[in-house]
Structures are given as C-alpha cells and as structure tokens.
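The structure under discussion appears below in the form of structure tokens.
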Amino acid sequence: MEENKYEYDPEEGYDYENEENDAVKKSLRGYRIVVILLAIILAGLSILYFNLNRQQQEDYALLQADRDTIQNNLTSLINEYDNLKYQNDTIAAQLEKANEMVRQLKRERRFNYNKLKQYQKEVGTLRAVMKNYLRQIDSLNTINKKVIGENVSLRKEISTANLRADVAEERASELQNKVAQGSVLRARDIAMIALNANDKMITRVKNAATLRIDFTVAANELAQTGNRTIYLCITSPDGYLLSTDAMPTFDFHGSRKGYSASREIDYQNEDVDVSIFYKGSGFIPGTYKIELYTGGNLIGSTEIAMR
C-alpha cells in the first residue's frame, strides 16, 4: 500500500502547506545556482574580452611603433641619399622609391605585421644599395685624392720644367741678343772733309762742292761676311737732312728712312776703310751730324763742326 507522502497531524489533518514550501525552496535553490553560473561565465567572458582588447591594443601599439620606425628609417635614408649630391639616374630612382614608400605609409590606414615586414625588407634593400654607393663614392674619393696629389706633383714638375725652359729660353734669347749685338758692324774714326769742284780739300765749307765722309768699318769675327750697303745720313746745322732730288730711302725697323748717299763694300771680317761722297751746294758753317747705317742698324755716329 502506497505510503502517504503527506504527513497527517491528528489535530491539523494533512500538512499541505509544508509541502509547497519545500518545492519553492528547491526552485529558489536552482535559480541561485543558475545565476551563480551565469555570473561566473559573464566574469570569465569579461576577463577574456579585457585580455583580448588589451592584447589588441598592445599589438596595435607595437605595429604603430614598427610603422614609425620604418618611416623614420625611410626619412633617414632619403636624407642620406639627398646628401650624396650625385647627378646619377640610379640614385635618383632609389630616392624616388624611398619617397614613394613614405607617401604610402602616410596614406595607409590599415596595416598588419606582414605588410610592415615587407616595408622593413624594402628599407633594408634601399639601405644596402645606399651603402654600396657610399663605398663606391669613398673609393672614387680616394682615387680622386690620389689623382689630385699626382696632378699637383705633376704640375709642380711641369712648373719647374717650364721655369727651367723659360730660364733657358731667356738665357738663349740673351745669348742670341748678345750674339746679334756682337755681330753688328761698327764704324770708327768718322771724319768729314770739304772738297771744292776740283776735289781739293778746303777749310771753308761754304765753298765746298762735295762732302767726303771717311771712316773705318771695324773687324768683327761674329759678323756675317759678304757685300754690305752702307747708308750715310748728313744733317745740316739748321736740322735738315742733306739729300738728292730723288730723296732715296732705306728700310729701318719697318719704316722708310731718307739718306744722303750710300756705298757697297765687301766685308770679310777685317777692317775696311771707306769713303762716301755727297755732292751738293749751299753748305753753311756749323755743326753737322753724321750717321752710318747698314743691315737695319746704326753702326756709327758723330758730330763735326765745320767753318
């Protein structure tokens, strides 16, 4: 026989109220357990969300730092490329590539680790290229310094050689001038004699029909031998050149010079006694200037007083 689950109280009868209280207590206990479990799950989810959010923030901060580092490296590379100051198409292309990477980084709104690694790789490539150029430039600078040093030394040698050549040329020119001067004929013992119409010597020049100029061309071993034309210039006391109606001239240092009379001699490096005659009239007393020329050179001059 089934046992009655309700307790019977002789005074109160069956206790239905106690039974309902037990059921309610059981239900409340179950709700509490559920609430506790939900609270635990919610706390765990909160902690997980917090940790994930913090990790994302840390990862983002690291990515941002890497991005800033790459950008700074690129800026440094650009400055270094720019400081090369080289008119080179390849360097200009590398510089433009670095500038474009900086522009891409500034435009980038979403980036990840792989993309930053790619940027880092390209920055490393650019830096390696730049270092290679720097090595080449250093090598060229070393060669350039060596060439400059050799050039300076060579210039000194050339300067010394040129100086020696100039000195030698100057000495040769001086020697040549001395030889040229030494080879010029010289006339000495110049004298003027007045002659009448009968070629007799007279003492009064106003009565003269001819003026005879006597002189000696001195011996000179340096002078060239052969025929020489001697030109005589007589300047009267009143300052006029005595000449014939034909007014003959000879070349003297690129210009034409008038003369009174001339004579050709055969010179053989020995003393030659020479007389040149000038025929005229109207001679006046006073001091006459006598000049003798040959080969474009003045070989003798003097002043002679005539009564």
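Got a number for carbon plus sulfur as a percent of region 188-303's accessible area, 1.4 Å probe?
43
Would you mind getting me the FRET efficiency between residue 255 and residue 160? Use the beta-carbon distance for r and R0 = 51 Å, nearest 0.05.
Efficiency at R0 = 51 Å is approximately 0.75.
Using a Förster distance of 22 angstrom, determine the FRET efficiency expected from the C-beta separation of residue 151 and residue 171, and round it to 0.05.
The calculated FRET efficiency here is 0.15.
Please calculate the 1.4 Å probe accessible area of residue 188, with all protein chains present, and give it to the nearest 10 Å².
100
Cα-Cα pairs above 23 Å in region 176-301: how many percent?
34
How far apart, in nm, are two points set 7 Å out from the Cα along the Cα-to-Cβ line at residue 244 and at residue 225?
Taking the simple label geometry, residue 244 and residue 225 are separated by 3.1 nm.
What is the set of long-range amide H partners of residue 267 at a cut-off below 5 Å, with H atoms built 1.01 Å from backbone N?
Counting only residues 5 or more places away or on other chains, the set is 226, 227, 228.
Tell me, what ³J(HN,Hα) does each residue in region 264-277 have, in order and in whole Hz, if you take phi through Karplus 6.51 cos²θ - 1.76 cosθ + 1.60 with θ = phi - 60° and put x for Gly and Pro?
Per residue, the Karplus-derived 3J(HN,Hα) values read 9, 10, 9, 9, 9, 6, 10, 4, 10, 7, 10, 10, 10, 10 Hz.
The values are calculated or read from the model by the stated rules, or taken from the named source; none is laboratory data. Keep in mind the model is a prediction, meaning the values are calculated, not measured. Virtual Cβ from ideal backbone geometry, glycine too; neighbours counted across all protein chains shown. Surface accessibility is based on the protein's heavy atoms, side chains included, excluding ligands, DNA and RNA. Shrake-Rupley method; radii C 1.70, N 1.55, O 1.52, S 1.80 Å.
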